[in-house]
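This report concerns only the one structure given below.
Bear in mind that the values in this text are calculations on the coordinates, not laboratory data. Everything numeric in this text was worked out from a predicted model, so none of it was measured. Glycine also receives a Cβ, built like all others from the backbone with ideal geometry; neighbour counts cover every protein chain displayed.
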Amino acid sequence: MSNLFDPSKASDVADLVKAFPLCWVISGDAGNRHGTPLPLLPETDGEGNVCSLFGHMARSNRQQAALEADPRASILCMGPQGYVSPGLVSSNLTWGPTWNYAVVRFETEVRFDAAENDAALSSLAEALEGDAWTPDRMGDRYEKLKPRIVAFHARVLETHARFKLGQDENDTVFAEIVEGHPNRELADWMRRARK
């Protein structure tokens with residue numbers, strides 16, 4: 001069943017992860033919880049749905065061993081967000097404050113593969129740097145550091161996205177918020193989410 005705050009298309013979720021790649025990887029039960037912020041890259045299927053997240057983790061991170069034993073993890077991605085003040089809405093003096101945001105929670109199964117270390121590092125560098133920088137510019141240091149990490153794919157089992165970006169506002173209020181909000185990135189995502 002569709003919700004007003006669902007992304008308008010599957011590719012919106014992938015675009016959010018691309019724009020805000022630092023995600024929280026959360027795993028373990030209440031007595032043995034782990035959480036690590038990591039930059040991740042979305043991998044999509046033919047319809048644009050995120051089917052996997054690609055990244056790497058330090059081998060020295062205790063969460064890596066914990067995920068080897070139990071590969072289930074929640075991955076949390078926080079996109080644009082911000083407080084929306086009533087001061088932005090002059091057309092309706094009874095309008096109350098709110099918080100707008102776009103977030104995604106993925107339920108995943110993590111599989112490590114050290115054979116993909118080069119691919120994980122080069123893909124991340126390309127996503128963040130384009131062709132301005134590549135890992136091979138590190139020279140010998142790259143080969144010394146590479147064994148300290150291990151690449152992984154987090155296969156997506158479930159996706160829970162909420163893009164609360166003013167879709168419930170009338171046209172006048174929406175225009176006032178978008179025009180006046182100091183977080184221009186949030187305003188851009190609000191425009192994008194407007195159906």
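Assuming R0 = 22 Å, can you tell me the calculated FRET efficiency for the pair Ala19 and Asp140, based on Cβ-Cβ distance, to the nearest 0.05?
0.05
Taking 14 Å as the cut-off, the amide N atoms of region 44-58 that come nearer than this to a point 7 Å along the Cα-to-beta-carbon line of Ala10 belong to 44-52. Lys and Arg at +1, Asp and Glu at -1: add these up for the other residues within a Cβ distance under 13 Å of Leu88 and post the number. Neighbourhood net charge equals -3.
Helix-only estimate, please: 222 nm mean residue ellipticity of the chain, summing -39500 (n - 2.57) across DSSP H runs of length 4 or more and dividing by its residues, to the nearest 500.
Calculated mean residue ellipticity at 222 nm is -8000 deg cm²/dmol.
Here the calculated FRET efficiency for Arg155 and Ser85, from their Cβ-Cβ distance with R0 = 30 Å, stands at 0.15, rounded to the nearest 0.05. Each residue, Ala65 and Thr44, gets one label point 7 Å from its Cα in the Cβ direction; the gap between the two is 3.9 nm.
Given Cα pairs under 8 Å that are at least 6 residues apart, what percent is the relative contact order of the chain? Mind dumping the intermediate values first?
Numbers: 360 pairs, mean separation 48.2, N = 195.
It rounds to 25 percent for the chain.
The GluC sites (Glu not before Pro) of region 1-77 meeting both criteria, a DSSP state outside H, G, I, E and B (loop) and at most 15 other C-beta atoms within 10 angstrom of the site's C-beta, are Glu47.
Between Asn183, Asn100, Asn117, the residue with the greatest mean-square fluctuation in the GNM of the chain (Cα pairs under 10 Å linked by springs) is Asn183.
Considering all different alpha carbon pairs of region 11-193, the Kirkwood hydrodynamic radius works out to 18.3 Å.
Note on region 1-86: Kirkwood hydrodynamic radius from all Cα pairs is 14.7 Å, rounded to one decimal.
Scalar couplings 3J(HN,Hα) for region 136-151, obtained by applying the Karplus form with A = 6.51, B = -1.76, C = 1.60 to θ = phi - 60°, are 5, 5, 6, x, 4, 4, 4, 5, 6, 7, 3, x, 7, 10, 9, 6 Hz; x denotes Gly and Pro. Other residues with beta-carbon under 11 Å from the beta-carbon of Asn49 carry, at +1 per Lys or Arg and -1 per Asp or Glu, a net charge of -3.
Distance from the Cα centre of region 127-195 to that of region 1-26, in angstrom? A separation of 9 Å, based on Cα centres.
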